[in-house]
Amino acid sequence: MVRLKRTYIRQSKEMITVLFNLPPIFGLFPLLLYIVLSFKKGMHPLVNVSICAVVGAILVQQPLGGLGGIIYKSMGSFLALVGFIIMLGSGLGMVLRKTGVAGAIVNIMMRKIGVKTQKKAILATMVSSIVLVTLLGTLAGANAVIAPIVIPLVAAVGLTPSTLAVIFQGAGQTGLFLSPFSPPMVTLMGITGLSYPKLLICCGLPTSIVMWIGTYLIALKVQKDTSGKEYFELEEDVRPSKNYKIDAITKRATSVFIITMTLMVVYGIFTKGGASFVILVMLVASIVTGIAAKMPMGEIFDNIMEGCGKMMWLFFMFVMFDPFLNFVTKSGAFTAMLDLLQPLISSVGKMGFTLLTVLVGIFGINGAAVAQAMMIDSLFKGFLPSVGISMELWGLIVLIGHQITSYAYPGVDMIGAMGLAHAKNIKPMLELAYFAIIPGTVILACVASLIL
């Protein structure tokens with residue numbers, strides 16, 4: 001934990017002068033521009049983030065000739081890893097479709113489990129996402145694994161891509177609040193000194209329950225608004241059929257896939273595998289399933305590459321997202337926002353401090369989640385004794401402050417969920433964001449300040 005804190009301090013000293021000696025707060029302009037362009041009809045997300053990255057580079061006076069080196073460096077960032085995971089998830093999906101495993105799973109689940117209504121499909125997908133994110137401790141990785149399986153299933157009952165995207169982010173992210181080895185929970189245990197069970201009861205479960213209720217209600221609304229307007233583009237052989245009969249080869253490949261995934265997930269639990277482990281999960285599952293279906297090795301990799309190609313744009317977008325966010329941070333814009341709010345801290349009570357800190361965390365601090373949590377802790381922890389904030393309440397504040405940021409801005413988690421769900425409309429995601437921020441977690445934190 002000390003190493004993380006020192007890393008952030010070193011990064012904060014790298015802040016440089018903004019163009020024309022403008023106040024650091026102007027460094028927020030690329031972020032605001034990104035939000036505005038997100039609503040522009042026909043604006044491709046990759047074009048949007050590229051434009052804003054260049055604007056950010058100009059603002060912090062980064063020589064444009066050095067952008068190549070910065071992009072090269074971002075290829076090894078966590079954001080690039082997330083993009084790569086999503087690509088491999090699409091590759092696995094292509095193998096499952098070509099081997100007939102996807103069709104077998106859909107038809108078996110539709111007939112045996114009886115997920116025949118849209119409400120049941122929403123609940124089933126929520127549970128699947130929550131469980132796998134909790135087990136693997138990674139949002140994008142877990143959703144990338146289940147996406148190729150659940151998409152044909154939910155498409156069969158008429159769910160839309162926007163509805164699925166809302167579920168992936170809203171329900172999936174709560175798995176991070178439940179997992180004992182997820183980055184948020186590990187960070188909170190280090191910050192507060194509390195045990196995992198204590199944090200789960202005081203922080204993880206309350207936040208998750210609020211988000212589950214909100215996600216389900218928003219998903220129902222989005223489904224109603226987008227039904228008949230959005231469709232998944234699926235091949236006929238993955239749609240459920242009453243007369244569907246599985247042949248011996250497909251049955252064997254399906255069984256091998258299920259057993260492989262089960263063993264890999266169990267292994268991931270015991271070894272505390274994170275995002276990097278998910279890469280191995282998808283590669284092994286793709287290869288083993290293809291071999292079980294008697295697919296030549298070369299064809300297996302051709303199918304993986306074909307699936308990856310469909311998400312190549314998203315990978316490049318994530319690569320560009322890293323320098324984009326770094327330019328905003330280097331401008332000192334986030335620090336400037338904190339400086340503006342600092343005088344208010346001494347004049348507010350326990351609930352006021354809770355509200356202020358949560359809002360600053362959600363809107364005023366952005367970046368990698370762990371560094372974000374450390375920043376909130378280093379800035380405000382000194383005020384806790386005088387304001388009367390317990391460690392249990394502080395854990396909830398930091399959890400909300402550094403995790404709900406992904407709803408405040410159309411960032412990596414939001415766009416990643418949209419990419420996995422094949423959704424292109426960002427407005428439903430913002431509907432979820434409106435709930436997550438105000439009637440959801442902010443009010444939860446204020447109520448908790450009266451109890452904890």
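Within the shell defined by Cβ-Cβ distances under 15 Å, the residues around residue 449 carry a net charge of 0, with Lys and Arg each +1 and Asp and Glu each -1. Surface composition of the chain: carbon plus sulfur atoms contribute 68% of the solvent-accessible area (1.4 Å probe, protein chains only, all chains present).
Charges were assigned to the Cβ only: +1 to each Lys and Arg, -1 to each Asp and Glu. The resulting dipole of the chain about its Cα centre is roughly 620 debye. Between residue 233 and residue 21, the contour length at 0.36 nm per residue exceeds the Cα-Cα span by 71.3 nm. Once both labels are positioned 7 Å from their Cα atoms along Cα-to-Cβ, the gap between residue 340 and residue 75 label points is 3.9 nm.
Pairs with C-alpha atoms separated by more than 32 Å, drawn from the list 120/229; 310/427; 40/221; 221/245; 40/120, are 221/245; 40/120.
Taking 0.36 nm per residue of separation and subtracting the current Cα-Cα distance, fully stretching the chain between residue 271 and residue 259 would add 2.5 nm.
In the chain, a dipole from Cβ-located charges (positive for Lys and Arg, negative for Asp and Glu) runs towards its positive end, and of 148, 257, 207 it is 257 whose Cα lies farthest in that direction. Computed per residue of the chain from DSSP H runs no shorter than four, each worth -39500 (n - 2.57), the mean residue ellipticity at 222 nm is -22000 deg cm²/dmol. Of the DSSP H helices in the chain, those that are both long (alpha-carbon extent of 20 Å or more along the helix axis) and hydrophobic (Kyte-Doolittle mean at least -0.5) are 45-59, 78-99, 118-136, 139-156, 205-226, 248-271, 275-292, 312-330. In terms of its alpha-carbon gyration tensor, the stretch 26-75 comes out oblate; a/c meets the 1.5 threshold, while b/c is at least as large as a/b. In this rough spin-label picture, where each label sits 7 Å from Cα along the Cβ direction, the residue 351-residue 279 distance is 4.9 nm. Full extension of the chain between residue 446 and residue 198 yields a length gain of 87.4 nm, computed as 0.36 nm times the residue separation minus the alpha carbon distance.
Spin-label pair residue 312-residue 378: with each label point 7 Å from Cα along the Cα-Cβ axis, the two points sit 4.0 nm from one another.
The values are calculated or read from the model by the stated rules, or taken from the named source; none is laboratory data. The structure displayed is predicted, hence computed values, not measured ones. When we count neighbours, we look across all protein chains shown, and the Cβ atoms used for this are built from the backbone with ideal geometry, even at glycine. Side chains included, ligands, DNA and RNA excluded: accessible areas come from the protein's heavy atoms. Shrake-Rupley method; radii C 1.70, N 1.55, O 1.52, S 1.80 Å.
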